[in-house]
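These notes are about the structure you will find just below.
Derivation of every value follows stated rules applied to the coordinates shown; laboratory data play no part. Every value quoted in this text rests on a predicted model; they were computed, and no experiment measured them. Here the Cβ positions follow ideal geometry from the backbone for every residue, glycine too, while neighbour counts run over all protein chains shown.
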Amino acid sequence: MGIRLVLVRHGLSSFNAKGLIQGRIDDSVLTDIGYEQACKAGNALSKIEFDRIYSSPLVRASETANTIKKSFNKEHNVIYDENLLEVDLSSWSGLTINEVKNKYPENYTVWKNDPENLTLERIDKKNYQPIQELYEQANNFLKDILKNYIGKSDVNILIVGHNAILRCLILALIGKPKKGFRKIRLENASFSILNISKDNNNSYKTQIECLNQTSHLNQNIPIKIGDSRIFLIRHGETNWNKEGRFQGQIDIPLNNNGKDQARKACEYLKDINFNKAFSSSMNRPYETAQIILQKNKELKIIKIDSLAEISHGLWEGKLEEEINQDWPNLLKNWHDKPEEVIMPEGESIMDVSNRSVKAFQKICLSQKDNDLTLLVAHDAVNKTLVCNMLGIDCSNIWMIKQGNGGITVIDIFNDPNKENVISALNITTHLGGILDSTASGAL
């Protein structure tokens, strides 16, 4: 590991509680609930040895940072960075959503549907684009982080900030996908974890380990915001996952740990009354789905062939060191430029993306109001689906972590103008700890 960034949104503030837009004004403070959330966040993070703590200087963030650090054994000085300030929404700050809707209907529509292109007017009458300015802040902050820490090993950095700036940090690290701002969400005091390391070309690469984890707040799953919801889950562990073998379309069954992971996912999701269920046609995801639905055995699980794992062709059943003996250049390309690789007698990642996305879109179109749908598939399949939802090319599959038994929550909207929202990505806390400790596997 190189740099681990743990992003925490501030706890519930007085403006949050009243439904007021905060922006950059500093009249909002933590509520009692916000302090409690910050304490829970600190307890959950206390086993991680942080090297630095950065915070927005705004009161609601600084109070959260200073409350969290009380749970740490090591003494820390919080570094306040103005590049972590929240979005400047000018005259909107202090208003309710309804007041903004009524006073600025056209701008509000842009804010909800295409915030990256919102233009507002400051008090000095000059126009500006608040989200584009925020991306500039995010880039400036990341430049400093990379300059100071890239190339070092095992650096843990805690960043406490706000909803919009933290979203921009995440999106900037994955290439600033078009209209990405509305495709993710961050709850008060939620965790999002990103890993940054140097690649073979001496530049950095990013992996999103998780987004919007809220289980430490006694809230397993973020509140539903869409018309329906899909729970995308990777199958439990197999022996080949554990050994690091490329398994692809060889139908390796779950091992005992994999079955236990599925049982823990079942318990974690016990309050979710699934009314639809889909699975890859392969046995390991189907068995995972069966275990998750053990309290709802009458629900039929529909198998979908096009959600099968990537075919690794002649690589299947082999360890990486074995593949490296016969296909060293192809294996290197698989790690560096996966979009250029067609597995020998197998598939490309584009093949997987095309068939998986088509199947997923069909599921989305079949969604009815309040549907709660279980979908269990594979590492490469899930990664291509998440890339598609984020608006990044499937060549970026290494940016997405999908642990065995990991849970990703997607909110679906009936309105075709609204993007699907990844409300949580790769929840693995039900398997033990804040960090994803599942088998790294071969993919």
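Structural remarks
- When the pairs Lys183/Lys368; Lys259/Lys303; Lys40/Lys143 are compared against a 22 Å limit on Cα-Cα distance, Lys40/Lys143 fall above it.
- 3J(HN,Hα) from dihedral phi, segment 281-294, Karplus parametrisation 6.51/-1.76/1.60, rounded to Hz, x for glycine, proline: 6, 7, 5, 5, x, 5, 5, 4, 4, 4, 5, 4, 9, 4
- Relative exposure of Lys40, Lys401, Lys297, judged by other C-beta atoms within 10 Å (fewest first): Lys297, Lys40, Lys401
- Only Lys, Arg, Asp and Glu carry charge here, each on its Cβ (+1 for the first two, -1 for the last two); on that basis the chain has a dipole of about 760 debye about its Cα centre.
- Nonlocal amide H pairs with Ala189, under 5 Å, H built at 1.01 Å: Arg9, His10, Gly11
- Vicinal HN-Hα couplings computed from phi for segment 128-139 (Karplus, 6.51 cos²θ - 1.76 cosθ + 1.60; Hz; Gly/Pro x): 7, 10, x, 6, 5, 5, 5, 4, 5, 4, 4, 5
- Amide proton proximity set for Ile79, modelled H, under 5 Å, gap of 5+: Ile53, Tyr54, Ser55
- Considering only Asn139, Ile157, Gly175, and ranking their Cα positions along the charge dipole of segment 103-200 that arises from unit charges at the beta-carbon of Lys, Arg, Asp and Glu, the one farthest toward the positive end is Gly175.
- Less than 5 angstrom separates the built amide H of Leu20 from none of the residues sequence-distant by 5 or more or on a different chain.
- From least to most packed, judged by other beta carbons within 10 angstrom and beginning with the fewest, His235, His335, His76, His312 follow the order His335, His76, His312, His235.
- For segment 326-341, 3J(HN,Hα) computed residue by residue from phi via the Karplus equation (6.51, -1.76, 1.60; θ = phi - 60°) reads 9, 9, x, 5, 5, 5, 4, 4, 4, 7, 8, 9, x, 5, 8, 9 Hz, glycine and proline entered as x.
- Correct option for Kirkwood radius over Cα pairs in Å [calculated from the coordinates] among [x] 23.3; [y] 23.9; [z] 22.7: [z]
- Euclidean distance of C-alpha centroids, segment 134-183 and segment 68-97, integer Å: 14 Å
- Rounded, prolate or oblate (a/c below 1.5 giving rounded, otherwise prolate when a/b exceeds b/c) for segment 3-217 by Cα gyration tensor: oblate
- Taking the longest Cα principal axis of the chain as reference, the axis of helix 256-268 is set at about 40 degrees.
- Neighbour counting of Cβ atoms within 10 Å sorts the residues Trp111, Trp398, fewest neighbours leading, into Trp398, Trp111.
- Under 16 Å from the Cα of Lys69 - aspartates and glutamates, other chains or at least 8 residues apart: Glu36, Glu49, Asp51
- Once both labels are positioned 7 Å from their Cα atoms along Cα-to-Cβ, the gap between Ser366 and Asp251 label points is 2.1 nm.
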